[in-house]
Amino acid sequence: MTYGNLKAYQQTTAQSAEYADPYTLVGMLMDNFCQRMVRATAALEQKDYMAKGREVDKALGILHALQGTLDHEHGGELAGNLEALYDYMQRQLLLASARKDVELFDHVAQLMREIKTGWDGVSPQAQSGGTTASAEQEAPAQPRISVTG
């Protein structure tokens, strides 16, 4: 990918995020986390520890942002479980980085892929705030998204 194409892709992604609904934004964060893990693993395998560190740092920031989207008031046990899982992933990611452990990077990435699969399975009705009893019981809480410059 040329530099011009990369810049165009980044601009399109930023524009998509600007107009995305909260559920889409959370999904984008999860996708970005997985991409960061692939890059961190590749950097580690190439012994490019500076690049690995940058990718791990960005992945940690994404986990922190995902924790910030949790609505404990409405999300109940699910929000608490996700917060604990994100916390676990942060600790494992730091450990993997310190130990230069590719398998542990893969473990953390797999956890996020599983969370993302569940997130993608949320019904469109629940995403739009539908109020049927079954949607309320099965859907995760509406995320709180705060975008700052």
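The values are calculated or read from the model by the stated rules, or taken from the named source; none is laboratory data. This is a predicted model, so every value here is computed, not measured. Positions of Cβ are generated from backbone atoms using ideal geometry, with glycine treated the same way; all protein chains shown enter the neighbour counts.
Considering only residues that are hydrophobic (A, V, I, L, M, F, W, C) and under 16 Å from the mean Cα position of the chain (by Cα), which ones fall in the range 95-116? Please lay out each step first, then the result.
Here is the first cut: in the range 95-116, the residues hydrophobic (A, V, I, L, M, F, W, C) are 95-96, 98, 102, 104-105, 108-109, 111-112, 115.
Listed by number, the residues that qualify are 105, 108, 109, 111, 112, 115.
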Selection within the range 88-124 - farther than 16 Å from residue 71 by Cβ and either modelled with pLDDT under 60 or outside any helix (DSSP H, G or I) (or both): 100, 101, 121, 123
Do the conditions hold for residue 88, that is, is it surrounded by fewer than 18 Cβ atoms within 10 Å (Cβ to Cβ) and of a type in the set (Ser, Thr, Tyr)? yes
Report, by residue number, each residue of the range 97-111 that is closer than 20 Å to residue 31 by Cβ and in contact (Cβ under 8 Å) with a residue 12 or more places away in the chain. 105, 106, 107, 108, 109, 111
Out of curiosity, is residue 85 more than 24 Å from residue 120 (Cα to Cα), of a type outside the set (Gly, Ala, Ser) and at pLDDT 95 or above? no
Restrict the check to the range 55-76 and report whether at least one residue is at pLDDT 95 or above, exposed (fewer than 15 other Cβ atoms within 10 Å of the Cβ) and within 14 Å of residue 101 (Cα to Cα). no
